[in-house]
Amino acid sequence: MCERLPKQYGQTDFDQGSFSTGGVWDSHFVYRIPDKMKSEDATRLLCGGWTVWNTLIGYDLKPTDHVGIVGIGGLGHFAIPFANKMGCEVTAFSATESKKANSLALGAHHFVHTNLPVGERLKVARQINKLLVCTNAHIRLELFTRILVGKATIFPAADSQ
């Protein structure tokens, strides 16, 4: 049972447990954090990591998919290794060339710099059938239309909207 705090803290957040020292939760929604894992690493996985994981499985990713990930940073840092470990071919897209080494280290098979002059086209090793947008920055969608297979799926990571 949650402890009560002094009145100066108000009563509005007791039901959410945000000002409590304990709480009772349904075991389906509680995960044990390994003793060796730092709390700050666990919070990232339970927030951004879960957001990306839920999106990838929600759009039925398969090992045969060629997944493009737009936006390398934040959610993109989770999307690359997750899609790679799911067996997908992964192409990372970023307007920042300096993110290439990090993208490849995270598990991207290819990196494509998207900051092209108007009229130039993106080039990929194989057309993409799933495009995950992990940025809230404006992307030039017309750059991507020619590198997608027919009936490709373009979907946002849930927090990028």
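Residues are listed down the side, and each one gets a yes or a no for (1) hydroxyl-bearing (Ser, Thr, Tyr); (2) in contact (Cβ under 8 Å) with a residue 40 or more places away in the chain:
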site	(1), (2)
THR64	yes, no
VAL70	no, yes
GLY74	no, yes
PHE78	no, no
LYS85	no, no
VAL90	no, no
GLU97	no, no
LYS100	no, no
ALA105	no, no
Wholly inside the stretch 68-133, strands (runs of 3 or more DSSP E) that include 2 or more residues that are open to solvent by less than 20 Å² (accessible area, probe 1.4 Å) and of a type in the set (S, T, N, Q) are 89-94
Residues in the stretch 30-62 that are buried (at least 21 other Cβ atoms within 10 Å of the Cβ) and without any contact (Cβ under 8 Å) to a residue 24 or more places away in the chain total 0
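The values are calculated or read from the model by the stated rules, or taken from the named source; none is laboratory data. A quick note: this is a predicted structure, and the numbers were derived from the prediction, not measured. All Cβ positions, even for glycine, are placed from backbone atoms using ideal geometry, and neighbour counts span all protein chains on display. These area figures cover heavy atoms from the full protein model, side chains too; ligands, DNA and RNA do not enter into them. Shrake-Rupley method; radii C 1.70, N 1.55, O 1.52, S 1.80 Å.
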